[in-house]
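Q: Have a look at this one.
The values are calculated or read from the model by the stated rules, or taken from the named source; none is laboratory data. Keep in mind it's a predicted model, so treat the numbers as computed, not measured. Cβ placement follows ideal geometry from the backbone for every residue including glycine, while neighbour counts extend to all protein chains displayed. The area values use the complete protein model at the heavy-atom level, side chains included, leaving out ligands, DNA and RNA. Shrake-Rupley method; radii C 1.70, N 1.55, O 1.52, S 1.80 Å.
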Amino acid sequence: SCLSDDEIWARGNNAIMKLYNMKGELLMSVQTKSVPLDIAVTRSGGLVYADGDVTCSSINLVSGTQIQTLITLRGWRPRGLCSTASGDLLVIMTRDDGDQTKVMRYSGSTEKQTIQRDDQGKPLYSSVGFKYLSENRNSDICVADCFARAVVVVSTAGKLRFRYTGPPSTPGESFHPVGITTDSQVNILTSDPYKHRIHIIDQDGLFLRFLHNCGLQYPWGLCLDSRNNLFVAERDTGKVKKLQYYK
């Protein structure tokens, strides 16, 4: 998650979050109680992270050297989170018994909105697997639902706009979206790690192009800086790569 055009926060498979500059130099480390499931930078520059500890799941804020619990989740486990343009926090979470998933909007620690079902009462999201989310510039909420093999996009009111399941030219081809972000042109980018590529679609779900053949290996986490530089965290190598994809 980009703190600025010159610094990025990263997390891995241990209980440490790290801040790096563009030279790859470690600037700061934050020790957590368990492995953070996702991270996001707030509008004011704070770092929030999802703690999926099975005994007490929570959303926490790092400010300086202090860690503050913002939200305690009882019976639910956070999967992904993002900070919105309005300053709210979006959290996608799965119930502990594994049969429901929902997106919650918070203002501070106050619940403002629940997004869970479509107009027919059917679940919008699968109940298992990796899930990450991002708010687009048009306020749509975009969820990469790996188990459902779809990017699920709803309006700010929670109404289903579309599901993207891959380019129409290759129907039935495997698609496992994981990381997700949006750019200044209101396009949606999602990583497809098992195909070693990134899909770019427009705000209405139209496939635009792939980012591939650029040495990516299991691309996972994605974020963009203010100049549309794309940062890609690779799952297996532990590397973060910077791509200038936008012209």
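Q: Filter the stretch 113-129 for residues that are in a loop (DSSP other than H, G, I, E, B) and of a type in the set (A, V, I, L, M, F, W, C); which is farthest from L89 (Cα to Cα)?
A: If we filter the stretch 113-129 for residues that are in a loop (DSSP other than H, G, I, E, B), which is where we start, we get 116, 118-122, 124-129.
Retained after the next criterion (residues that are of a type in the set (A, V, I, L, M, F, W, C)): 124, 128.
Numbers: L124: 19, V128: 22 Å.
So, considering only residues that are in a loop (DSSP other than H, G, I, E, B) and of a type in the set (A, V, I, L, M, F, W, C), the one farthest from L89 (Cα to Cα) is V128.
Q: Okay, next question. A233 passes all but one of (1) crowded, with 16+ Cβ neighbours inside 10 Å; (2) more than 21 Å from A10 (Cβ to Cβ); which number fails?
A: Of everything listed in (1) crowded, with 16+ Cβ neighbours inside 10 Å; (2) more than 21 Å from A10 (Cβ to Cβ), A233 misses just condition (2).
Q: When residues of the stretch 73-112 are filtered for being in a strand (DSSP E or B), polar (S, T, N, Q) and in contact (Cβ under 8 Å) with a residue 12 or more places away in the chain, how many remain?
A: Keep residues of the stretch 73-112 that are in a strand (DSSP E or B), which gives 73, 76-83, 89-95, 101-107, 110-112.
Filter once more, keeping what is polar (S, T, N, Q): 83, 94, 101, 107, 110.
From what is left, the residues that are in contact (Cβ under 8 Å) with a residue 12 or more places away in the chain are 83, 94, 101, 107.
Here the count works out to 4.
Q: While we're here: If I filter the stretch 78-94 down to residues being open to solvent by 20 Å² or more (accessible area, probe 1.4 Å) and within 15 Å of A50 (Cβ to Cβ), which single residue comes out as modelled with the highest pLDDT?
A: Step one: of the stretch 78-94, the residues open to solvent by 20 Å² or more (accessible area, probe 1.4 Å) are 79, 83, 85-87.
Filter again for within 15 Å of A50 (Cβ to Cβ), leaving 79, 83.
Values: R79: 93, S83: 97.
Looking at residues that are open to solvent by 20 Å² or more (accessible area, probe 1.4 Å) and within 15 Å of A50 (Cβ to Cβ), I get S83.
Q: Output the residues belonging to the stretch 177-199 that are farther than 17 Å from E135 by Cβ and either not in a loop (DSSP other than H, G, I, E, B) or not β-branched (V, I, T) (or both). So that I can check it myself, show each step before the final result.
A: Going through the stretch 177-199, the residues farther than 17 Å from E135 by Cβ turn out to be 178, 191-199.
Once the filter is applied, which keeps residues that are farther than 17 Å from E135 by Cβ and either not in a loop (DSSP other than H, G, I, E, B) or not β-branched (V, I, T) (or both), the stretch 177-199 yields S191, D192, P193, Y194, K195, H196, R197, I198, H199.
Q: Can I ask one more? Keeping to the stretch 130-161, report how many residues are under 23 Å from I198 (Cβ atoms), assigned to a strand (DSSP E or B) and open to solvent by 50 Å² or more (accessible area, probe 1.4 Å).
A: Residues flagged as under 23 Å from I198 (Cβ atoms), assigned to a strand (DSSP E or B) and open to solvent by 50 Å² or more (accessible area, probe 1.4 Å) within the stretch 130-161 amount to 1.
Q: Does the stretch 164-176 contain any residue that is outside any loop (DSSP other than H, G, I, E, B) and at pLDDT 95 or above? I'd like the intermediate steps shown before the answer.
A: Residues of the stretch 164-176 outside any loop (DSSP other than H, G, I, E, B): 164.
Still in the list and also at pLDDT 95 or above: 164.
Scanning the stretch 164-176, I find at least one residue that is outside any loop (DSSP other than H, G, I, E, B) and at pLDDT 95 or above, so the answer is yes.
Q: Among the residues of the stretch 51-72 satisfying the criterion of being part of a strand (DSSP E or B) and open to solvent by less than 20 Å² (accessible area, probe 1.4 Å), which is nearest to T94 (Cα to Cα)? Working first, answer last.
A: Applying the first criterion (part of a strand (DSSP E or B)) to the stretch 51-72 yields 51, 57-63, 66-72.
Within this subset, residues satisfying the condition of being open to solvent by less than 20 Å² (accessible area, probe 1.4 Å) are 51, 57-60, 62, 71.
Details: D51: 13, S57: 11, S58: 13, I59: 14, N60: 18, V62: 24, I71: 15 Å.
That would be S57.
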